[in-house]
């Protein structure tokens, strides 16, 4: 069986983490966080079954 | 100090004159301190080293971890005491599991709800009224939810579906329900046991049904969380028509504490209560039906199972599979065979297999070699 190398074991998750951090920063700069806060800080009528 | 508390709890200064609010703030700090203390004790006693403990001890640690994480993320006691929700700045952040942001105690936002909220947001400057039909055509403000997808990607890249196994509040609720001592629906998965069962055809039918139903969670993700909110109507479709977590953690507590909300209950409330009740009943007999067939968050995290930093691996040199041992496959409550595929998309990393292995050959963690120098296989066996 082909052994897993140290590089392949850690390189992909490391690249994904860097990519995720870049996405988060992009989202913050694009003010997506404000949309999240606006929705989360009020009672979500749809979520609690009141439409 | 006072300003920090006001900022943290998202309340006005006048609220501090209310004794109930003061009591709630003290209770919140007490819960957070207690949870941190429990986590420190568990870490010091090496309780998170799954392989060092038997399955019984690990199940206890797992339940304590799940309960503590639920308490930590839902310890905004002002909400529980007064029937309101948290409106402070911590709600910029999403919690890792399915935790409704309308839960009175929730400090953070639900990732699936936030994803839909971003897709629902529209650009008023670009939206227009169709002259033919007279309808208002909303143009989405965001075509991709960088922030929420980035957060989920970060969590997924670090630990994959470990969130489902240890940190999700709705998973914890299903685990508690599954503890009700009745005969459980657990189908044999190896050919010999299927052939020896009383109704092999029926077993094969239900195994096939289970296999295909598991794809439903990807359909829920694509259709109800992404496509419908973005392209059809600006509604949080999944939260509105399916999510039982919102009803359990948000709807029931809020409606029981606010008469005005309870009076507004209607057919949608009934639909969501029916979905919740059905899942509760099924959870008594079948392990985590919501996580298996419905959860879009689990579907997202499952994509990271095979490439996350924290993975399950097999020390093939120690494993007794060749001698006929299948203790891990029989122990897995999600019906996965860890030796065949240690990082299956269906694995919620609950640790039951690693704790049940008599040879301690299942290695959850970040390493690619054992201390003895044996290779740890994280890929599917051929």
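Our analysis of the protein assembly as shown gives Rg over Rh at 0.99, with the two radii drawn from alpha carbon positions and Rh computed by the Kirkwood formula. Taking the Cα atoms only, what angle lies between the long axis of helix A:6-29 and the longest principal axis of chain A, rounded to 10 degrees? Around 30 degrees separate the two axes. The rule of thumb for compact globular proteins, 2.2 N^0.38 Å, goes into the C-alpha radius of gyration of the stretch B:243-357 1.45 times. Taking the C-alpha atoms only, the angle from helix B:169-178 to the longest principal axis of chain B is near 50 degrees. With a Förster radius of 60 Å applied to the C-beta separation of residue B:281 and residue A:14, the computed FRET efficiency comes to 0.85.
Convex hull volume per residue, computed on the Cα atoms of chain A, equals 129 Å³. Remark: spin-label model distance residue B:205-residue A:26 equals 4.9 nm, labels positioned 7 Å along the Cα→Cβ axis.
Helical runs assigned H by DSSP (4 residues or longer) give chain B a calculated mean residue ellipticity at 222 nm of -13000 deg cm²/dmol, each run adding -39500 (n - 2.57) before division by the residue total. Reducing the stretch B:40-78 and chain A to their Cα centroids gives an inter-centroid distance of 25 Å.
Between residue B:256 and residue B:122, the C-beta separation translates, for a Förster distance of 45 Å, into a calculated FRET efficiency of about 0.85. Computed from label points 7 Å out along Cα-Cβ, the spacing between residue B:323 and residue B:41 is 3.9 nm. Extension gain for the segment residue B:340 to residue B:213, taken as residue separation times 0.36 nm less the Cα-Cα distance, is 43.6 nm to one decimal. Relative to the dominant Cα principal axis of chain B, helix B:267-285 is inclined by about 20°.
Each Cα pair under 8 Å and six or more residues apart adds its sequence gap; the mean of these over the residue count of chain B is a relative contact order of 19 percent.
Per residue, the average separation of C-alpha pairs within less than 8 Å and at least 6 apart gives the stretch B:311-382 a relative contact order of 47 percent. Using the Cα coordinates of chain B, the gyration tensor eigenvalues translate into equivalent-ellipsoid semi-axes of 38, 27, 21 Å, sorted from longest to shortest.
Taking other C-beta atoms within 10 angstrom as a stand-in for reagent exposure, B:80, B:237, B:143 fall in the order B:143, B:80, B:237, fewest first. The calculated FRET efficiency for the pair residue B:183 and residue A:7, based on their C-beta separation and a Förster distance of 60 Å, comes to about 0.80.
Other protein chain C-beta atoms within 10 Å of residue C-beta, averaged over A:10-21: 5. Spin-label model, residue B:60 to residue B:137: label points 7 Å out along the Cα-to-beta-carbon direction sit 6.5 nm apart. Residue separation times 0.36 nm, minus the C-alpha to C-alpha distance between residue B:198 and residue B:13: what's the value? Between residue B:198 and residue B:13, full extension yields 59.7 nm more.
Every read-out reported here was derived from the displayed coordinates using simple, explicitly stated rules and does not represent laboratory data. Since we're looking at a predicted model, the values are computed, not measured. Ideal geometry is used to build each Cβ from the backbone, glycine not excepted, and the neighbour counts take in all protein chains shown.
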